[in-house]
1. Please order Ile280, Ile254 by the number of other Cβ within 10 Å, starting at the fewest.
2. Peptides 190-203, 87-100: what's the order by average Cβ count within 10 Å, highest mean first?
3. Mind giving me the nanometre distance, one decimal, between the label points for Leu48 and Val273, set 7 Å out from Cα along Cα→Cβ?
4. Run the paramagnetic zone check for Thr238: 7 angstrom along Cα to Cβ, then residues of region 87-101 with backbone nitrogen under 20 Å.
5. Could you give me the ³J(HN,Hα) list for region 227-235, computed from phi with Karplus coefficients 6.51, -1.76, 1.60 and θ = phi - 60°, whole Hz, x at Gly and Pro?
6. Pairs of Cα atoms under 8 Å, at least six residues apart: use those to get the relative contact order of region 174-245, whole percent.
7. I need the phi-derived Karplus couplings for region 173-187: 6.51 cos²θ - 1.76 cosθ + 1.60, θ = phi - 60°, integer Hz, Gly and Pro marked x.
8. For Asn82, what residues show an amide H to amide H distance below 5 Å, using hydrogens built from the backbone and excluding near sequence neighbours?
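Just so it is clear, none of the values below were taken in a lab; they were calculated from the coordinates. Bear in mind the structure is a predicted one, so any value in this text is a computation, not a measurement. Because the Cβ atoms are built from the backbone with ideal geometry, glycine has one as well, and the counts that use them run over all protein chains shown.
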Amino acid sequence: MHRDRLGGDVESELLAAVLVGGLALVTATLGAIGGLGGAVLLVPMLVLLGWSPLEAAPIGIAMSAAGALAAVPRQTLTGLTNYRLGVSLEIAASFAAAAGALLSILLPVAAVQYALGGSAVIAAMAGGLRRGQRNQPVEGARMEDLGDRPGRLASAYPDQSGRVIPYEIARFRTGMGLIGGAGLLAGLTGVSGGFIKTPVMSEVMRVPVKVAAATTMFMIAITAAVTIAVYTSQGRITAAIAPAVIGGLLGGRIGAAVQPRLPATLVRRLLSVSLLIIGIVLVVRA
């Protein structure tokens, strides 16, 4: 259902815009809830519907930026986001995202589609294998203990009952290297890399899953900004991203609002099934 295949008239353009906006709304909502970044679902869907990977990438990264900007303020109020950790990891992710965006127009379309399909399969595996809560509340801890600890990446966050749960960061260098890989893939395919960042922080760096998801949304905003700057210099940012931005803004707010109330693990596992199917189809079609 790419706009050219719809005939190129006004009605077809409107239908394409509504389709992109609707898909962006749904995927941004799910992305904010699960910390995967909705673009990993949106971009493969657009490719399957007829958009080329080079056209779908700017739409996906624009939706990711909008969804992250909408979700981050609300997540800030929950005390889940570890900004110091996010900024530290984004040093690697941002440089890698710029490199990936520059490489994307030099690679064959089939290669980008293979990368996109592979990333969807990786996201499916990461979401399906994620563990439950690892860190436990500390009795007697006070609300003043919440937030980043001076000079350290360790922090604490409140659970639904208001209890304080502290946590430490492990294997930072390994995590930064993997996050850099997520940034490269984000720039290359427009999928934002959130589906890699969240499990890397959760499983490799031992960050609580909800903290990892919230910190990922903050990081996605930075990665997306860098990628969009490169895409703009390449002339790939057009009015076609407008519906995705609107859908992303609405979906990000909705996802951030319901995230504390829903089991994110269940949502991610449902997404994993969809991502696995989409990834396999993309690889076969490439």
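1. On the way: Ile280 14, Ile254 20.
By the 10 Å Cβ count, ascending: Ile280, Ile254.
2. Values: 190-203: 29.7, 87-100: 20.9.
Top of the packing list down: 190-203, 87-100.
3. Inter-label distance under the simple model: 1.3 nm.
4. 101
5. So the Karplus estimates, Gly and Pro as x, are 5, 4, 4, 5, 4, 5, 5, 8, x Hz.
6. Values: 50 pairs, mean separation 18.3, N = 72.
Value for region 174-245: 25 percent.
7. 3J(HN,Hα) across region 173-187, in whole Hz: 5, 4, x, 5, x, 5, 5, x, x, 5, x, 4, 5, 4, x.
8. HN-HN under 5 Å from Asn82: Thr215.
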